[in-house]
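Student: First the structure, which I've put down as structure tokens, then a few questions once you've had a look.
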Amino acid sequence: MKALLTGLLIATSTITMAQTYEVPVSEAHEPMAKGQYEPTWESLEKHETPEWFRNAKFGIWAHWGPQCVEGSGDWMARGLYIEGSDQAKYHREHYGHPSEFGFKDVLPLFKAERWNPEKLVERYKRLGAQYFFVLGNHHDNFDLWDSKYQKWNSVNIGPKHDILAEWAAAAKKYGLPLGISFHADHAWTWYEPSQRYDQNGKKAGVYYDGHLTKEDGKGKWWEGYDPQELYAQNHPLSDRSWSNSQIHQQWDWTHGAAKPTQAFVTNFYDRTLDAINRYKPDLIYFDVTVLPFYDISDAGMKITTHFYNTNPRAVVFGKILNKRQRKALTWDVERGAPNEIIEEPWQTCNCIGGWHYNTSIYERGTYKTAATVVKQLVDIVSKNGCLLLNIPLRGDGTYDEKEAKILDDLEAWMKVNSESIFDTRPWVKFGEGPVADADIKLNAQGFNDGQYSHMDSRDIRFNQTKKYLYVTAMGWPESGQLVIKSLAKGNPNLRKSITGAWLLGYGKVKARQTAAGLVVTLPKQVNEIAPVLRIKK
């Protein structure tokens, strides 16, 4: 009897600890792979971010799909339905009213006619990229592969190419680990403006095309396709849906978002496993708080478990993670960085312009410069992170000449100074200077990269290998002299006195250790961005 009671207590305890979900995913089509990991935090936190990623430091992202066609920037497939927005005005002027010409009608215009994946990946590899990311789908819910579970895909409509397959082949040819990002889990709420109608003007009260069904397609180019499989809008609007800011309150499904159905959740799960099983990526990025459908469904947990159980090199990124979740997943910070060394490897995702191609950024000349990218990279690496950088591509699959110049400038700096980036680890402190000493907070998932515009030669960052300490100033001092306070004489973190320094791309430079710091005399600029010193430990 005692053994029976003990067993009942253990079973009860297990049931109490097991999490129940409001919208559990179905594995009827794509079963989760069994193996070392289970879909619980207790199990997943045993996974460690692999050393290959910790060493990689720098990746390039092709955040590219049909939303690049109009050149009106990120989230245009949502913005075109928001009456009065710049994207809606542009779309109506050039393509028509969204009751007659919606995003579904933009899809055939996505031709990718000048896209050359091998040439692009070769360029990124030459630039210094150590891994390569591509878009699997965005919030627009369009799959960029020959999807088993989404007819609205790049093989059936638009390019008539399996985009993922061709990207994957190019990445394999040039030896770059492949990453795929999946964003379609939020199409449910993100597309809600397509359910609306104009409140003003000649077409006031006329619904947009988010209401259309398969039957409405008879005689149209999209006959046989169900718009609801694209827009996923056969549901009531979320709370405050007419407020253009509502999407930000609902991003984690707990602030009035209309709850997704099991069919919608399972469809995203099936599509994601389909892509993982076919294209064998090493990295997966989710553009969400923690994981897809967290915390109303186990879909994200099961996708992660499947990936970890099928690939020992796997890396899964999540945003706004607590300390425990950062042990199970790899933390991603969007457009920013924490101002401290982080124990576990992490990543910043950033972009030289908008996430999707934006013609106005090109015309204004407001891309990030190569110097700004280098500052970000060096700062992030000094804090145990990696930088994933998006180079926006036009709808035809090419980057413009201003982006080409940025890539050239970045390559020139990396060619000389990459030894200070790859395979390094943080030093005892990440840096010194006004920005390093400032109290810079993250804003939600990041969004603090304005700090890089304030950096100059007074801001210095450190990282190391077993043999060398690398010191990078975020600019060239006008005086020609650097004073590195953290390397002052008597610093207990230094095993021996510093008798010299080597300027990468130049050679030995004069350096003397004083009580105020290591004083280094630099020659005339040997690159256009930032000097890097190598000091033997």
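The values are calculated or read from the model by the stated rules, or taken from the named source; none is laboratory data. This one's a predicted model, so the numbers in the text were calculated from it and none came from an experiment. Cβ coordinates were reconstructed from backbone atoms using ideal geometry, including for glycine residues, and neighbour counts include every protein chain displayed. For the accessible areas, the whole protein counts, side chains as well, though only heavy atoms, and no ligand, DNA or RNA atoms are used. Shrake-Rupley method; radii C 1.70, N 1.55, O 1.52, S 1.80 Å.
Student: Pick from the stretch 379-412 the residues that are open to solvent by 10 Å² or more (accessible area, probe 1.4 Å) and closer than 21 Å to Pro531 by Cβ: which of them is nearest to the chain's Cα centre (by Cα)?
Tutor: That would be Ile406.
Student: Where in the stretch 246-345 are the helices (runs of 4 or more DSSP H), entirely inside, with at least 2 residues that are farther than 30 Å from Gln451 by Cβ?
Tutor: Values: elements: 246-249, 262-279, 299-310, 325-328.
Of the helices (runs of 4 or more DSSP H) lying wholly inside the stretch 246-345, those with at least 2 residues that are farther than 30 Å from Gln451 by Cβ span 262-279, 299-310.
Student: Could you tell me whether the stretch 257-270 includes any residue that is surrounded by fewer than 20 Cβ atoms within 10 Å (Cβ to Cβ) and of a type in the set (Asp, Glu)?
Tutor: no
Student: Sticking with this structure for a sec: Would you be able to tell me the number of residues in the stretch 417-432 that are hydrophobic (A, V, I, L, M, F, W, C) and under 20 Å from Val483 (Cα atoms)?
Tutor: Keep residues of the stretch 417-432 that are hydrophobic (A, V, I, L, M, F, W, C), which gives 421-422, 427-428, 430.
Then keep just the ones that are under 20 Å from Val483 (Cα atoms); that gives 427-428, 430.
Matching residues across the stretch 417-432 total 3.
Student: Tally up the residues in the stretch 87-106 that are touching a residue at least 60 places away in the same chain (Cβ under 8 Å), surrounded by 19 or more Cβ atoms within 10 Å (Cβ to Cβ) and not aromatic (Phe, Trp, Tyr), please.
Tutor: Residues that pass the stated criteria total 3.
Student: Which helices (runs of 4 or more DSSP H) does the stretch 1-70 wholly contain that include 3 or more residues that are open to solvent by less than 40 Å² (accessible area, probe 1.4 Å), modelled with pLDDT of 95 or more and within 20 Å of His306 (Cα to Cα)?
Tutor: Result: 41-44.
Student: Does Leu176 satisfy the criteria of being at pLDDT 95 or above, within 28 Å of the chain's Cα centre (by Cα) and either open to solvent by less than 50 Å² (accessible area, probe 1.4 Å) or among the charged types (D, E, K, R) (or both)?
Tutor: Details: at pLDDT 95 or above: yes; within 28 Å of the chain's Cα centre (by Cα): yes; either open to solvent by less than 50 Å² (accessible area, probe 1.4 Å) or among the charged types (D, E, K, R) (or both): yes.
So Leu176 passes the test.
Student: Follow-up question, since we're still on this one. Name the residue, out of Glu411, Glu432, that is touching a helix residue (DSSP H, G or I) at 6+ places or on another chain (Cβ under 9 Å), over 20 Å from Leu387 (Cβ atoms) and touching a residue at least 12 places away in the same chain (Cβ under 8 Å). Before you say what the answer is, go through the steps one by one.
Tutor: On the way: Glu411 fails: over 20 Å from Leu387 (Cβ atoms).
That would be Glu432, the only listed residue that is touching a helix residue (DSSP H, G or I) at 6+ places or on another chain (Cβ under 9 Å), over 20 Å from Leu387 (Cβ atoms) and touching a residue at least 12 places away in the same chain (Cβ under 8 Å).
Residues are listed down the side, and each one gets a yes or a no for (1) of a type in the set (A, V, I, L, M, F, W, C); (2) in a strand (DSSP E or B):
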site	(1), (2)
Val483	yes, yes
Ile498	yes, no
Gly505	no, no
Lys508	no, yes
Val520	yes, yes
Ala530	yes, no
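Residues are listed down the side, and each one gets a yes or a no for (1) out of contact with any Pro (no Cβ under 7 Å at 6 or more places or on another chain); (2) open to solvent by less than 10 Å² (accessible area, probe 1.4 Å); (3) closer than 29 Å to Ala412 by Cα:
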position: Arg425; (1), (2), (3): yes, no, yes
position: Asp449; (1), (2), (3): yes, no, yes
position: Thr465; (1), (2), (3): yes, no, yes
position: Leu469; (1), (2), (3): yes, yes, yes
position: Leu487; (1), (2), (3): yes, yes, yes
position: Trp502; (1), (2), (3): yes, no, yes
position: Arg512; (1), (2), (3): yes, no, no
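Student: Another question about this same structure. Could you list, in sequence order, all residues of the stretch 364-377 that are open to solvent by 10 Å² or more (accessible area, probe 1.4 Å) and in contact (Cβ under 8 Å) with a residue 12 or more places away in the chain?
Tutor: Of all residues in the stretch 364-377, those open to solvent by 10 Å² or more (accessible area, probe 1.4 Å) come to 364-369, 371-372, 375.
Of everything in the stretch 364-377, those that are open to solvent by 10 Å² or more (accessible area, probe 1.4 Å) and in contact (Cβ under 8 Å) with a residue 12 or more places away in the chain turn out to be Gly365, Thr366, Tyr367, Lys368, Thr369, Ala371, Thr372, Lys375.
Student: Next question. Tell me, yes or no, whether the stretch 466-478 has at least one residue that is within 15 Å of Pro338 (Cα to Cα), assigned to a loop (DSSP other than H, G, I, E, B) and of a type in the set (A, V, I, L, M).
Tutor: Step one: of the stretch 466-478, the residues within 15 Å of Pro338 (Cα to Cα) are none.
The answer is no; no qualifying residue exists.
Student: Could you run through the stretch 135-149 and say how many residues are within 15 Å of Arg278 (Cα to Cα) and assigned to a loop (DSSP other than H, G, I, E, B)?
Tutor: Number of matching residues: 6.
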